[in-house]
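Undergrad: If you scroll down you'll find the structure; I have some questions about it.
The values are calculated or read from the model by the stated rules, or taken from the named source; none is laboratory data. Here the structure is a predicted model, which means the values were calculated and not measured. Every residue, glycine among them, receives a Cβ derived from its backbone with ideal geometry; neighbour counts consider all protein chains shown. What goes into the accessible areas is simple: the full protein's heavy atoms, side chains included, and nothing from ligands, DNA or RNA. Shrake-Rupley method; radii C 1.70, N 1.55, O 1.52, S 1.80 Å.
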Amino acid sequence: QVQLVESGGGLVQPGGSLRLSCAASGRLFRFYTGGWYRQAPGKQRELVARITSGGSTNYTDSVKGRFTISRDDAKTTLYLQMNSLKPEDTAVYYCNVDVGPLPYWGQGTQVTVSS
């Protein structure tokens, strides 16, 4: 079983930046694919970015060039650097890891982009 704890959310003005962190339990973290998802009010949860154990990444089109996903396997932590934030980025952001066919989720962290 894997436990995930997100941090780093908050209120930021349009054009600002935030960095989300996701601390994972377990020594096998380096073998997992990790990702960040988000869910805005009234909308379905959507993939934001994913990173494989080998470091390959992919992003949803709306965040390409603005967001960067990374991982520190020594610290068993996932990161999401978010720059040039827009009001439409407002959502609860969830950390995810896949352990084989089983997905694990964090509790979510609120990101609000507003002036």
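Undergrad: Could you please state, rounded to a whole Å, how far the C-alpha centre of the range 37-80 is from the C-alpha centre of the range 4-34?
TA: Cα centres, the range 37-80 to the range 4-34: 9 Å.
Undergrad: In the range 73-105, whose amide N lies under 19 Å from the spot 7 Å out along Cα-to-Cβ of L11? List them in ranges.
TA: So the set is 85-93.
Undergrad: Taking the dipole about the Cα centre of the chain, with the C-beta of Lys and Arg at +1 and of Asp and Glu at -1, give me whichever of A49, V12, G26 is farthest to the positive side.
TA: The Cα lying farthest towards the positive end belongs to G26.
Undergrad: Sticking with this one: Loop-only trypsin sites (Lys or Arg not before Pro) in the range 1-46, please: DSSP not H, G, I, E or B, and at most 16 other Cβ atoms within 10 Å. Spell out each step's value before the answer.
TA: Numbers: sites: R19, R27, R30, R38, K43, R45; in loops: R27, K43, R45.
Filter output for the range 1-46: R27, K43, R45.
Undergrad: Per residue of the range 26-33, what does 6.51 cos²θ - 1.76 cosθ + 1.60 with θ = phi - 60° give for ³J(HN,Hα)? Whole Hz please, x for Gly and Pro, Karplus curve as stated.
TA: For the range 26-33, the Karplus-derived couplings read x, 8, 9, 3, 5, 8, 8, 7 Hz, x marking Gly and Pro.
Undergrad: Counting heavy atoms of the protein chains only and a 1.4 Å probe, report the per residue accessible area for the chain as a whole number of Å².
TA: Values: 6120 Å² over 115 residues.
Solvent-accessible surface per residue comes out at 53 Å².
Undergrad: Let me ask another. Provide the gained length on full extension for the span S114 to T57, in nm with one decimal, where the gain is 0.36 nm per separating residue minus the Cα-Cα distance. Working shown, then result.
TA: Working: separation 57, 0.36 × 57 = 20.52 nm, distance 2.82 nm.
Additional length available on full extension: 17.7 nm.
Undergrad: Tell me which of F67, A91, T112 sits at the most positive position along the dipole axis of the chain, charges placed on C-beta atoms (Lys, Arg +1; Asp, Glu -1).
TA: Looking along the dipole axis, the top candidate is F67.
Undergrad: In the range 71-111, what is the volume of the convex hull around the alpha carbon atoms, normalised per residue and reported in Å³? Please list the in-between numbers first.
TA: Details: hull volume 3.8 nm³, N = 41.
Normalising the Cα hull of the range 71-111 by residue number yields 92 Å³.
Undergrad: Enumerate the calculated ³J(HN,Hα) couplings along the range 95-108 in order (Karplus 6.51 cos²θ - 1.76 cosθ + 1.60, θ = phi - 60°), each rounded to whole Hz, writing x wherever the residue is Gly or Pro.
TA: So the Karplus estimates, Gly and Pro as x, are 8, 9, 10, 10, 9, x, x, 9, x, 10, 10, x, 7, x Hz.
Undergrad: Report relative contact order for the chain in percent, whole number only (criteria: Cα-Cα under 8 Å, sequence separation at least 6). Kindly include the intermediate steps, with their values, before the conclusion.
TA: Numbers: 279 pairs, mean separation 42.0, N = 115.
Value for the chain: 36 percent.
Undergrad: At 0.36 nm per residue, minus the direct Cα-Cα distance, what do T33 and R66 gain on full extension? Give it in nm, one decimal, please. Please report the intermediate quantities before stating the final value.
TA: Values: separation 33, 0.36 × 33 = 11.88 nm, distance 2.11 nm.
Difference between extended and current length: 9.8 nm.
Undergrad: Here's another thing I want to ask about it. Ignoring any ligand, DNA or RNA, what whole percent of the accessible area of the chain comes from carbon and sulfur when the probe is 1.4 angstrom? Mind dumping the intermediate values first?
TA: Working: 2960 of 6120 Å².
Exposed carbon and sulfur together represent 48 percent of the surface.
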